[in-house]
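Written below as structure tokens is the structure these notes are about.
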Amino acid sequence: MRARRCTASLRAALTLVLVWALLSGCASLLTRTASEEEQRAYDAALAQIDTDPAAARQALEALIANWPSGPLVDDAEFALGEVARREGDEETALRHFQRVADGYPGSDRADAARVRIAQIRHARGDAAGARSILGRVRSSRLEGAELRDAYRVLAEVAPDPVARLRWLALLRAETGDEKARDAIDVEIDAVVTGLDAASLERAARQLGERPPAARVQLASAELALEAGELEAARAALARAQELSLPARYAPRFAAASERLRLRQEGPTQIARLPTFAEAMRAGMPDTTTASGSIGVVLPLTGPFARFGEESLQGVLLAARTFGPLDGGASNVRVMIRDSGGDPQRAAAAVQELAQDALISAIVGPLLSSECEAAAAVAEREGVPLLALAAREAIAADRPHVFRLQTRPSEDVELLVDRARALGAERFAVLYRNDAYGRGLRSLFWDAVEERGGQLVGIAAYDPQATDFAEPIRRLVGYALLTGEENKLLAEREEMLRRARRVSAEESFELRQRASELETEAGDPLPPIVDFDALFIPDSHENVVLIAAQLAFHEVVGTQLLGPDGWYDEDLVRLGRDQVAGALFTAHFYPDSPVPYVHQFTVRYEETFGRRPGVFAAQAYDAANLVLSQMARGRQRRESVRKGVLAIQGYPGVSGVISMGSDGNAHKRPYLLGVQRGRVVQYDD
């Protein structure tokens, strides 16, 4: 009897379960199968969707009317929504999808319908509504295209970049088509690039070991390097390697690793810069066999267009675009982009050129601000960039970025070396009181002391000044005079005045006595020129004025020294005897007797109808550094990068070039002097 009661209880329980299954439509407990007639009607309707939507719609509506409780009624309703959606009737589509989502309990189409509702709401700009609907979607009930659609909408309406990255990662995992996966990777990279350090850390926690976790770690390492957090960078790089970073990110990984090494070890110092003669003896690189593509980003419009155009001409001459003297054809393609002097345009131009896999390297830009923006993109994309700006920080910690301008320290070091070799021991500086003048004053002071010299006098003047009498007088001892010295100076002035009115014999005697005046303690009177060489960091226009006033104040017998900026034909024409024996540097000297420099000047004049300047020379050298690698069969970006980094003693027309391990070029500038009323070049 107990057994009969158990059997009856079990039968009652099963009955309740079946009733619940019937009421709820739970397919897992009770599967309903469509009749053959219903299935044929459904299949026939679907077959017409692409060819005759109106007929398909009519057939689907008939199926719903004929089998209102049939197992395919929700499928038919979903299909009606798809037909309406394709025809652009979003309101009708929404009604059908809403019925599937809410009107058919237990429908296996409910989650797919919610995805469609979310897609329509998102398309209408209702991101919050789309997110709300998607919150009810059970991804386990979706597969294939429906699951990918859900992940796509979730990514599009994500409330923040980290959430978007998570959904894109899931979408990528469900995507089998290689091209579609590559497109998703581009989106992922864009999101990762925009994340800050805290967001990258949050993304890493959410992704775990799923792609793109390795890319997130690489980006974290790059940001840590920018912030100087070397230990964090090292840990992130190690984690990126553990997570199997995709091969296409190998250049970025190598670049970040190299940046870390440079930050930890510091750049290798260049022991000595070869002379032009030594560079010539080492042999000229042959670029005539170079083949491949280089990019150029320069300000070809805007206020700096003149300098950009001259630089471009230097690149085109190096690439033999207009035909070399030997008549051979050029196999070098030059892809040119205009930065307009704008950092954002420069960055976008580098980004565009970097997508061309045939481009081995990019020359430019020219201005510091646009170079900084371009360098960040070039480093991220792993394309060598030969920047033409002055700021050394542009190349710092960026293994793919090189900077080609001569450093101011190399100008002053060459000047001091030459002056010391000529016997100068005591130095003075007369400088304009601005950032340029103060910067070169400090560099010169360091160079003098490092070479065993002594700085004995310093005087500054206003950058707008045209009268330099006061700083000159301070420099040669007219400041802080005693009463006795003032009295003796007045006496000397009167003696010299009288000397102009008497006979030649008396005049000579008066001048001799005036020059021998001294204090009771035996100290000489100003001007006291107790320095062998005077450094004047200014333009040639001001130097001409200063040299004349130095002579007027009897500052004679000292050698004048100057940096790049003195070289101009007016220096000798207007300065005359006052600049005789002066020494100065130049970053390009078109009249150089060095054979390869002379050839460059001739080719430039024949091609463009005017003499080249420093911008053309510098860009010519930058292009040739790349072309010399191409001529050796190195077209791949990494091989070009390594080849340029290894350059030592390269005979450039803008100076002899050796590349530092930090990507900053070390260059021997031209050393020029004034002899017998003309400019000459020294090579020692």
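Rule-based calculations on the coordinates, nothing more; no lab input. Note that the coordinates shown come from a computational prediction; the quantities given were computed from them, not determined experimentally. Quick reminder, even Gly has a Cβ in these numbers, built from the backbone with ideal geometry, and neighbours come from all protein chains shown.
Excluding R632 itself, calculate the net charge of residues whose Cβ lies under 15 Å from the Cβ of R632, where each Lys or Arg counts +1 and each Asp or Glu counts -1.
Summing Lys/Arg as +1 and Asp/Glu as -1 gives +3.
Figure the gain on full extension for R636 and A465 (residue separation times 0.36 nm, minus the Cα-Cα span) and round it to one decimal in nm.
56.2 nm
Which listed residue (A622, F588, H598) has the Cα farthest towards the positive end of the charge dipole for the stretch 576-638, taking +1 on Lys and Arg C-beta and -1 on Asp and Glu C-beta about the Cα centre?
A622
Using alpha carbons only, how many angstrom separate the centre of the stretch 526-578 from the centre of the stretch 430-465?
14
I want to check the label-to-label distance for E506 and R272. Put each point 7 Å from Cα in the C-beta direction and report it in nm to one decimal.
Rounded to a tenth, the inter-label distance reads 6.2 nm.
So, R0 is 60 Å and r is the distance between the beta-carbons of S35 and S132; what FRET efficiency does that work out to, to 0.05?
The pair S35/S132 has a calculated efficiency of 0.95.
Given a cut-off of under 8 Å on Cα pairs at least six residues apart, what relative contact order in percent is computed for the stretch 37-261?
It rounds to 9 percent for the stretch 37-261.
Sorting check: for 194-206, 651-663, 104-116, which peptide has the highest mean count of neighbouring beta carbons within 10 Å, and how do the rest follow?
Ranked from most to least packed, the peptides come out as 651-663, 104-116, 194-206.
Between (1) 30.0, 89; (2) 39.8, 160; (3) 28.8, 92, which matches Rg and Dmax of the Cα atoms in Å calculated for the structure shown?
Working out Rg and Dmax of the Cα atoms in Å from the coordinates points to (2).
Can you tell me, using C-alpha contacts under 8 Å and at least 6 residues apart, the relative contact order of the chain as a whole percent?
Across the chain, relative contact order equals 11 percent.
If one computes the Cα centroid of the stretch 581-596 and of the stretch 147-182, what distance in Å separates the two points?
Each part reduced to its Cα centre gives a spacing of 61 Å.
Can you tell which of P669, Y151, A393 lies farthest toward the positive end of the dipole of the chain, using +1 and -1 charges on the Cβ of basic and acidic side chains (Lys, Arg; Asp, Glu)?
Going by the Cα projections, it comes out as Y151.
Which net charge results when you count Lys and Arg as +1 and Asp and Glu as -1 among the other residues whose beta-carbon is under 10 Å from that of E541?
Computed value for this residue: -3.
Scan around I458 for amide H atoms under 5 Å from its own, H built in the peptide plane at 1.01 Å from N, and keep only partners 5 or more places away or cross-chain.
Long-range HN contacts for I458: V429.
Pairs of Cα atoms under 8 Å, at least six residues apart: use those to get the relative contact order of the stretch 544-632, whole percent.
This gives 22 percent for the stretch 544-632.
With +1 assigned to the C-beta of every Lys and Arg and -1 to the C-beta of every Asp and Glu, and no other charges, what is the dipole magnitude of the chain about the Cα centre in debye, to the nearest 20?
2560
Between the stretch 75-131 and the stretch 658-684, how many Å separate their Cα centres?
75
With the dipole of the stretch 37-261 worked out from charges on the C-beta (+1 for Lys and Arg, -1 for Asp and Glu) around the Cα centre, which of G81, A169, I64 lies farthest toward the positive end?
The residue sitting farthest along the positive end of the dipole is A169.
Which value, in debye to the nearest 20, describes the size of the charge dipole of the stretch 37-261 about its Cα centre when Lys and Arg Cβ atoms bear +1, Asp and Glu Cβ atoms bear -1, and nothing else is charged?
Here the stretch 37-261 has a charge dipole of around 760 debye.
Set the Förster radius R0 to 51 Å, insert the Cβ-Cβ distance between A393 and A145 as r into 1/(1 + (r/R0)^6), and round the FRET efficiency to 0.05.
0.55
With r as the distance between the Cβ atoms of D683 and A490 and R0 = 41 Å, compute the FRET efficiency 1/(1 + (r/R0)^6) and round to 0.05.
Once the sixth-power term is evaluated, E becomes 0.25.
Grab the other residues whose beta carbon is less than 13 angstrom from that of P299, score K and R as +1, D and E as -1, and report the net.
Net charge in that neighbourhood comes out at -2.
At a Cα cut-off below 27 Å, give the lysines reachable from K487, other chains included and same-chain residues fewer than 8 away excluded.
Answer for K487, where 27 Å is the Cα cut-off: none of the lysines qualify.
Restricting the count to DSSP beta bridges whose residues both fall in the chain, what percent are antiparallel, rounded to a multiple of 5?
35
Let me know the charge dipole size of the stretch 83-160 about its Cα centre in debye, to the nearest 20, where only the beta-carbon of Lys, Arg (+1) and Asp, Glu (-1) is charged.
I would put it at about 120 debye.
How much length, in nm to one decimal, is gained on full extension between E90 and D356, taken as 0.36 nm per residue of separation minus their Cα-Cα distance?
Extra length available between E90 and D356 comes to 91.6 nm.
Taking the simple approach of a point 7 Å from Cα along Cα-to-Cβ for both E187 and T301, what is their distance in nm?
3.3
Quickly rank 499-511, 364-376 as a protection proxy: mean count of other C-beta atoms within 10 Å, highest first.
With the highest mean Cβ count within 10 Å placed first, the list reads 364-376, 499-511.
Calculate, in nm to one decimal, what D43 and E425 gain on full extension: separation in residues at 0.36 nm each, minus their alpha carbon distance.
127.4 nm
With the crude spin-label approximation of a point 7 Å out along Cα→Cβ, what separation in nm comes out for R234 versus E61?
It works out to 7.4 nm between the two label points.
Highest mean first, how do 165-173, 229-237 rank when packing is the count of other Cβ atoms within 10 Å averaged over residues?
For the peptides 165-173, 229-237, the packing ranking is 165-173, 229-237.
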